[in-house]
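Everything below concerns the one structure shown next.
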Amino acid sequence: MLIRRESPADAPAVRAVIAAAFAKPDNPDPVEATLLDALRGCEGWLPELSFVAVDHKPGSAGSDGSGEVIGHVVCTRGDIDGVPAVGLGPIGVRPDRQGEGIGLALVHSVLGAADALGEPLVALLGSPAFYGRFGFRTSTEVGVLPPDPAWGEYFQIRTLTAYDPAARGTFTYAEPFDDL
């Protein structure tokens, strides 16, 4: 497996991975796939923070970084009362490849890239048990309020090197999240 930046040619495969990761029998086109489509066309899209996991099993890929897309993660521009930050998600791994550490590798990669780009923090809505291993903690511990107070402990923040504790207030995701 290789983690690399998403290329424009990866978009259909990425959408298929996200759709498969979140699909339910009664909903084959989940909201996460539609959200990803909308994020690609918004001002908050950050191509430098969109990563794919590709399978490099023998015969599946060349040395050019191509390969079968098996996972994806993206961070998009958000803010804390006007202070730039990023929101993580959606993230997904093809169902037949879940449990192999692919999601773990994707999160580590995007956090490292966000830190290298000078982002102050990454916000997400997700399982504290899963994301706590990456240093995420409940947002209110760092003075950041979730867009929806009902999210409680599931809205989490991972501070990065450029973090300024003076950044306090309500986190706002990229505009397409408002349509959920």
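The values are calculated or read from the model by the stated rules, or taken from the named source; none is laboratory data. What you see is a predicted model; the values in this text were computed from it and never measured. Positions of Cβ are generated from backbone atoms using ideal geometry, with glycine treated the same way; all protein chains shown enter the neighbour counts.
Computed values, structure above
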| read-out | value |
| --- | --- |
| Failed item, numbered, when Tyr163 is tested on (1) loosely packed, with under 14 Cβ neighbours inside 10 Å; (2) part of a loop (DSSP other than H, G, I, E, B); (3) aromatic (Phe, Trp, Tyr) | (1) |
| Subset of region 123-170 (residues that are among the small types (Gly, Ala, Ser), within 14 Å of Ile80 (Cα to Cα) and without any contact (Cβ under 8 Å) to a residue 24 or more places away in the chain) | Ala166 |
| Selection from region 20-60 of residues that are buried (at least 17 other Cβ atoms within 10 Å of the Cβ) and polar (S, T, N, Q) | Ser50 |
| Cys42 vs. criteria at pLDDT 95 or above, outside any strand (DSSP E or B) and not aliphatic (A, V, I, L, M) | yes |
| Only one of Ala150, Ala114 that is in a helix (DSSP H, G or I), buried (at least 21 other Cβ atoms within 10 Å of the Cβ) and either aromatic (Phe, Trp, Tyr) or at negative phi (or both) | Ala114 |
| Unmet requirement for Val107, which otherwise passes all of (1) under 18 Å from the mean Cα position of the chain (by Cα); (2) part of a loop (DSSP other than H, G, I, E, B) | (2) |
| Failed item, numbered, when Ser50 is tested on (1) over 22 Å from Ala114 (Cβ atoms); (2) modelled with pLDDT of 95 or more | (1) |
| Number of the exception - Ser66 against (1) more than 13 Å from the chain's Cα centre (by Cα); (2) among the polar types (S, T, N, Q); (3) at pLDDT 95 or above | (3) |
